[in-house]
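K.L.:
Just passing along the structure, written as structure tokens.
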Amino acid sequence: MTAYRTRLKQFSEVLGTDVVDMDKLRKLCFSGCPCESGYRSISWKLLLNYLPLKKNEWDSWKEKQRALYSQFVHEMIVKPGSTVNNKNNADVTMEDHPLNPNPDSEWGAYFKDNEMLVQIDKDCRRLCPDLFFFQRPTEYPCEEMVNASNKVETLRKRVEQCVLQSETVSRNWLGITNMMSSRKKAHEEYSVLSEGEEAHWEVVERILFIYAKLNPGLGYIQGMNEILGPIYYTFVNDPDVDCRRCAEADSFFCFTNLMSEIRDNFNKTMDDSDFGIGSMMKQLMQMLKEKDPACARKLEEQELKPQYYAFRYLTLLLSQEFPLPDVLRIWDSLLSDEKRFQFLITMCCAMLILLRSDILKDDFPTNMKLLQVSHFFFNFLFQKCFR
Amino acid sequence: MAKKTYDLLFKLLLIGDSGVGKTCLLFRFSDDAFNTTFISTIGIDFKIKTVELGGKKIKLQIWDTAGQERFHTITTSYYRGAMGIMLVYDITNGKTFDNISKWLRNIDEHANEDVEKMILGNKCDMDDKRQVSKDRGDSIAREHSIPFLETSAKANINVERAFMDLAQAILNKTPSKDSEPRGIDVHKQEGSSRKCSPSPPHPCLAALSALAWQPYSIGWPLFGQLQQHLPTACPLTPFPWMDYLLLVLFIGSALAAVAAAALARLPSSPPPHPHARAAGDGHICCQ
């Protein structure tokens with residue numbers, strides 16, 4: 001307990017200075033950030049280069065960024081047609097409409113965006129399914145949406161499928177024709193929240209949508225949701241009200257910064273380059289060969305390629321391999337790695353070596369399952385990995 | 001080392017757009033359970049199930065792939081080794097069905113030529129949200145002569161059958177490939193017909209059934225309309241379908257009578273057109 005208190009004290013010291021000493025912070029974070037007093041949120045924001053080092057600049061910077069984000073929301077998530085409505089323009093032909101073939105038609109872009117949105121929507125609904133958190137309504141839903149200006153809409157509703165109701169005509173023995181609706185009650189897997197409420201996954205959806213709109217070259221790639229999840233979760237569960245209220249905007253920028261470092265992993269064209277996921281996997285295999293040649297040889301013999309398992313470890317920064325609380329702890333270390341993401345590779349290598357006794361004795365399918373099923377016990381790993 | 005606990009090893013691959021339920025299908029088959037909340041598959045996933053087919057223990061090694069375009073470079077490398085490929089779409093999402101042809105092209109490009117294929121329309125329990133009719137699935141499958149099934153991982157409809165049919169199809173052609181060291185009773189193989197490939201019906205049969213269906217599909221709704229205008233309290237028979245049958249029989253016999261009369265008059269009537277006469281005389285009219 002005293003050790004924990006000293007840790008808290010160390011954090012308050014490092015974060016209490018006028019100019020944060022990043023080296024000290026990295027060293028501290030590497031062995032884990034305490035959740036108390038929002039140390040983790042602040043540390044991550046610093047480690048992800050979102051907050052400036054000078055403490056007196058924080059407030060103005062945050063204000064500026066949050067305003068910028070709300071501008072993004074206004075610009076990117078606009079219901080087409082809502083801008084023209086208030087003008088009583090006589091020339092109807094100039095108005096935009098859903099069948100407008102012009103390339104700069106708001107409606108055209110709207111339908112195009114929806115294709116991407118369908119994918120984001122699918123993935124956000126199934127983000128961290130073990131956790132109820134993302135299904136819960138957020139304390140601070142998007143103001144523009146709630147204020148019923150109706151310009152900004154819930155993205156979820158944009159892609160919800162509409163189905164025409166069908167009816168069956170049947171007659172009873174008296175010859176009376178009945179129109180029977182065959183529509184059963186839809187299976188609600190996710191409870192619908194009341195108007196003006198938003199679930200956390202919807203907020204995540206909006207962040208990803210805006211990111212994809214701002215990065216059209218990359219767009220949305222599956223797995224990005226898993227990267228954003230831990231960041232958003234951390235900020236929303238912060239004790240500080242200000243951090244919670246602006247979790248959406250802050251997560252967006254932290255996510256954007258993190259993605260700028262790992263976006264090559266998500267880029268198909270970079271797979272075979274020196275920067276993409278391919279080279280990461282190569283590095284991992286190289287390291288394993290050095291540290292544990294027998295294990296590496298066995299995997300090679302069985303043709304158990306790193307694509308089968310390490311692809312996911314590395315792309316998602318291990319976020320699918322462990323339960324969320326453990327992912328947060330692991331990310332403390334991953335993010336405080338100065339040579340990001342060298343430590344990630346080290347850790348994946350350690351995970352393989354930990355399983356070596358099983359790998360060496362089992363056959364391909366058993367090993368395949370071993371490496372794919374998220375079964376790593378964090379405490380076990382913790383003792384071995386972090387010195 | 002460990003003794004082989006199976007006779008044959010089949011490698012199967014699941015492909016299709018993201019969110020169509022590939023992982024759920026596989027989970028239903030391998031664990032006989034359903035989970036609505038699956039995380040999205042990143043890269044590739046893997047499951048094993050041993051089944052018995054034709055007296056042989058067959059180990060199915062099933063690869064589950066990520067649906068999104070980005071992962072294709074990784075997933076296409078598995079096409080080559082696959083002996084059977086399941087192409088899944090979602091009946092409640094028309095777009096996933098439209099992409100079937102894209103996936104088929106992928107198979108043509110990357111898989112072995114003799115790979116066994118199967119098309120699955122998943123989520124067939126959600127009939128109230130259906131966007132793709134079963135007929136459309138049937139017709140695209142017939143067009144490419146690939147077996148087709150509608151499945152539901154949730155309601156456990158046809159899942160087992162789909163995997164077993166695909167395995168059977170692979171088993172059926174295994175003996176011809178001499179690569180398999182373990183001999184398989186060839187006679188037995190030839191005897192068992194391939195259940196899963198729907199043999200195209202004889203053209204005459206198809207035409208007949210179409211003719212038989214035509215009056216029904218047109219007549220029944222018409223009849224329903226008619227019934228609405230009839231006084232409701234005068235039932236002809238205890239069962240509505242009997243009314244319909246009687247009506248069809250009545251109209252049918254009337255039509256038959258008219259047709260018979262027309263046919264009887266036909267030879268005596270003069271040919272209405274010179275071309276027709278020329279054709280009738282066996283000459284070919286070239287002018």
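The values are calculated or read from the model by the stated rules, or taken from the named source; none is laboratory data. None of these values were measured; they are calculated from a predicted model. Counting neighbours? That spans all protein chains shown, and the Cβs are built from the backbone with ideal geometry, glycine included. For accessibility, only protein heavy atoms count, side chains too; no ligands or nucleic acids. Shrake-Rupley method; radii C 1.70, N 1.55, O 1.52, S 1.80 Å.
K.L.:
For a test of the definition: using alpha carbon positions, the gyration tensor, and the 1.5 limit on a/c, classify the range A:292-349 as rounded, prolate or oblate. Don't skip to the answer; put the middle values down first.
P.N.:
Values: a/c = 2.61, a/b = 1.80, b/c = 1.45.
Verdict is prolate for the range A:292-349.
K.L.:
Quantify, in whole percent, the carbon and sulfur part of the accessible surface of the range A:267-386 (1.4 Å probe; protein heavy atoms only).
P.N.:
Numbers: 2790 of 5240 Å².
Accessible surface attributable to carbon and sulfur in the range A:267-386 totals 53 percent.
K.L.:
At 1.4 Å probe radius, can you tell me the per residue accessible area of the range B:8-173 in Å²? Working shown, then result.
P.N.:
Working: 5790 Å² over 166 residues.
I get 35 Å² per residue for the range B:8-173.
K.L.:
Oh, and also: Based on the Cβ-Cβ distance of A:LYS55 and A:ALA3, what FRET efficiency does E = 1/(1 + (r/R0)^6) give at R0 = 41 Å, to the nearest 0.05? Present the calculation step by step, with values, prior to reporting the outcome.
P.N.:
Numbers: r = 27 Å, r/R0 = 0.65.
With R0 = 41 Å, the Cβ-Cβ based efficiency is 0.95.
K.L.:
Only counting protein heavy atoms at a 1.4 Å probe, give the residues of the range A:200-236, ordered by number, whose accessible area falls by 50 Å² or more when the other protein chains are present relative to the chain alone.
P.N.:
Listed in order, they are A:GLN222.
K.L.:
Would you please give the residues with an amide H less than 5 Å from that of B:ASN122, counting only those at least 5 places away or on a separate chain, with H modeled from the backbone geometry?
P.N.:
For B:ASN122, the qualifying residues are B:TYR89, B:ASP90, B:ILE91, B:THR151.
K.L.:
Let me ask something else. Tell me the carbon and sulfur percent of the accessible area for the range B:8-173, rounded to whole percent, probe radius 1.4 Å.
P.N.:
43
K.L.:
What's the buried accessible area, both sides, between A and B using a 1.4 Å probe, rounded to 100 Å²? Before the final figure, lay out each step's value.
P.N.:
Values: alone 21240 and 17980 Å², together 35240 Å².
In total, this chain pair buries about 4000 Å².
K.L.:
Now a separate question. Students often forget the sequence filter, so: which aspartates and glutamates lie under 17 Å Cα-Cα from A:LYS54 once same-chain residues fewer than 8 apart are removed?
P.N.:
A:GLU13, A:ASP18, A:ASP21, A:ASP23, A:GLU63
K.L.:
Moving on to the next point. Please tell me which of these pairs span more than 19 angstrom C-alpha to C-alpha: A:LYS282/B:LYS47; A:LYS298/A:LYS361; A:LYS305/A:LYS369; B:LYS56/B:LYS154; A:LYS24/A:LYS55? All intermediate terms of the calculation are to be shown ahead of the outcome.
P.N.:
Values: A:LYS282/B:LYS47 25 Å; A:LYS298/A:LYS361 9 Å; A:LYS305/A:LYS369 13 Å; B:LYS56/B:LYS154 29 Å; A:LYS24/A:LYS55 16 Å.
Distance filter (> 19 Å) returns A:LYS282/B:LYS47; B:LYS56/B:LYS154.
K.L.:
Which of the trypsin sites (Lys or Arg not before Pro) found in the range A:287-348 are in a DSSP loop and have at most 16 neighbouring Cβ atoms, other than their own, within 10 Å? Can you show the working numbers first?
P.N.:
Values: sites: A:LYS289, A:LYS291, A:ARG297, A:LYS298, A:ARG312, A:ARG329, A:LYS339, A:ARG340; in loops: A:LYS339, A:ARG340.
Here the sparse-neighbourhood loop sites are A:LYS339, A:ARG340.
K.L.:
Going down the list A:LYS27/A:LYS268; A:LYS122/A:LYS268; A:LYS112/B:LYS102; A:LYS9/A:LYS45, which pairs span over 25 Å between their C-alpha atoms? Kindly include the intermediate steps, with their values, before the conclusion.
P.N.:
Values: A:LYS27/A:LYS268 34 Å; A:LYS122/A:LYS268 21 Å; A:LYS112/B:LYS102 19 Å; A:LYS9/A:LYS45 19 Å.
Beyond 25 Å: A:LYS27/A:LYS268.
K.L.:
Using a 1.4 angstrom probe with every protein chain in place, what is the largest-first accessible-area order of A:ASP264, B:ASP165?
P.N.:
Values: A:ASP264 45, B:ASP165 10 Å².
So, going from the largest accessible area down, we get A:ASP264, B:ASP165.
K.L.:
Let me know the mean shielding of A:267-274 by other chains, meaning the per-residue number of their Cβ atoms within 10 Å of its Cβ. Please report the intermediate quantities before stating the final value.
P.N.:
Numbers: counts 1, 7, 2, 0, 3, 1, 0, 0.
Per residue, the number of nearby Cβ atoms from other chains is 2 on average.
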